[in-house]
């Protein structure tokens, strides 16, 4: 299980974009569930400057074999030139929940 399941972190610049990305990822079966966490303040370096912006953090629960397709879809549907797309491994999880992820993202 350790390398099979992942959580992908994605930020969005607006609630409309977060909703569209979340719905698209689930509809395309690239993620089983996507949480939208509003009110995230991101500090980052971009084009020679330190920037601070309000964003929505997305947490997409999926499987490792879906990552490349998910990444490609996000890049094609995101407003940012270089969107955050970072996968973290799921070390442990409820077997019932992980079965839902497996069944949806098969």
message = If R₀ is 22 angstrom, what is the calculated FRET efficiency for the pair residue 53 and residue 75, using the beta carbon separation as r and rounding to 0.05?
response = 0.70
inquiry  = Run lengths n ≥ 4 of DSSP H only: what is the helix-derived mean residue ellipticity at 222 nm for the chain, with -39500 (n - 2.57) per run over all residues, to the nearest 500?
reply    = -10000 deg cm²/dmol
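Order of 71-82, 4-15 by packing, highest average Cβ count within 10 Å first?
4-15, 71-82
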query = Which peptide among 21-27, 32-38 comes first, and what is the full order, when sorted by highest mean count of other Cβ atoms within 10 Å?
reply = 21-27, 32-38
inquiry  = Modelling each spin label as a point 7 Å along the Cα-to-Cβ direction, I'd like the residue 41/residue 27 distance in nm, to one decimal.
reply    = 3.4 nm
request  = Distance between Cα centroids, the range 6-22 to the range 44-83: provide it in whole Å.
outcome  = 8 Å
remark   = The relative contact order of the range 5-93, taking Cα pairs under 8 Å that sit 6 or more residues apart, comes to a percentage of 43 percent
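The numbers here are math on the coordinates, done by the rules we state, and not lab data. For clarity, every value in this text was computed on a predicted model and none was experimentally measured. Because the Cβ atoms are built from the backbone with ideal geometry, glycine has one as well, and the counts that use them run over all protein chains shown.
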